[in-house]
Amino acid sequence: MSTPTDTAAPVAVVRGESLLRLPEDLYIPPDALEVFLETFSGPLDLLLYLIRKQNLDILDIPVAEVTRQYMGYVELMQAINIELAAEYLVMAAMLAEIKSRMLLPRPAGDDGEEADPRAELIRRLQEYERYRTAAESLDRLPRVGREVHLVVIENDQPPVKRVEPNVSLFDLLDAFKEVLVRAELYRHHLVRLEPLSVRERMTRILARINSEAFVSFEEMFDLHEGRRGLVVTFMALLELLKESLVVVVQQEPFAPIHLKAAA
């Protein structure tokens, strides 16, 4: 026959082993368990939460019951080390004052009616509820229009109609031909030039002429050397004339020019 202890649910499972009751030497530190309550934005928010939780009429608040629950929440929050703002304690004092005034005879107002000590609190609660409802309605709105605003610019000018170009195969060929022509401009040409020396050409000229006979000016140039070789030969002749190593003569204007080595 099983006992109620055997059929009870385990209080904990440690390393796969079920514990039916807590050990007698188990020590639980005071700060081991923390309770996180719903956060309130202020004392009015807490009061409104208590009223709605009990389905109470906001116009006929049972101050004694609401005060008792409010003080219970305040003491609980203080017990779990939640720092309370001064406004929570001010509201607690206000509720205590309203509760004490409700127990005393209430004086009549100017119109003959007795003033309700809860009137100011009810007005503040109704005003806070309207603002909170409006804030929740705004929060449910889509982001566009609340945080992101779309900018629409109207243009009075008619849209520009763009005519699509009609490109034929021959147009493509002409364009490709221009590309080939431009590519030829970027080709690299490596020209190797033979080293030519003016001093060496002066020696060769002096070896061909002498001081006894004249030699024609055209005979000094080798047409197969090209323009560069002809220029070097001409510069060599000028150097020889500068150093007075050759003599240049001409019989008459526009006559052939001859030269020979200086004596």
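The values are calculated or read from the model by the stated rules, or taken from the named source; none is laboratory data. Since the structure is predicted, the reported quantities are computational estimates derived from the model, not experimental observations. Reconstructed Cβ throughout: ideal geometry from the backbone, glycine too, with neighbour counts over all protein chains shown.
Key figures
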{"read-out": "Matching option when the condition is assigned by TED's automatic domain parsing to the domain that holds Ile61 and either more than 30 Å from Pro43 (Cα to Cα) or modelled with pLDDT of 80 or more (or both), among Met77, Met94", "value": "Met94"}
{"read-out": "Number of the condition not met by Gln69 [criteria: (1) among the polar types (S, T, N, Q); (2) at pLDDT 70 or above; (3) in a loop (DSSP other than H, G, I, E, B)]", "value": "(3)"}
{"read-out": "Residue list for the stretch 240-254, restricted to those being surrounded by fewer than 16 Cβ atoms within 10 Å (Cβ to Cβ) and either at negative phi or touching an Asp or Glu at 6+ places or on another chain (Cβ under 6 Å) (or both)", "value": "Leu241, Lys242, Glu243, Leu245, Val248, Val249, Gln250, Gln251, Glu252, Pro253"}
{"read-out": "Total residues in the stretch 135-183, condition closer than 30 Å to Ser41 by Cα and assigned to a loop (DSSP other than H, G, I, E, B)", "value": "7"}
{"read-out": "Odd one out for Asn55, checked against (1) under 44 Å from the mean Cα position of the chain (by Cα); (2) at pLDDT 75 or above; (3) outside any helix (DSSP H, G or I)", "value": "(1)"}
{"read-out": "Within the stretch 220-263, tally of residues that are at pLDDT below 85, small (Gly, Ala, Ser) and assigned to a loop (DSSP other than H, G, I, E, B)", "value": "2"}
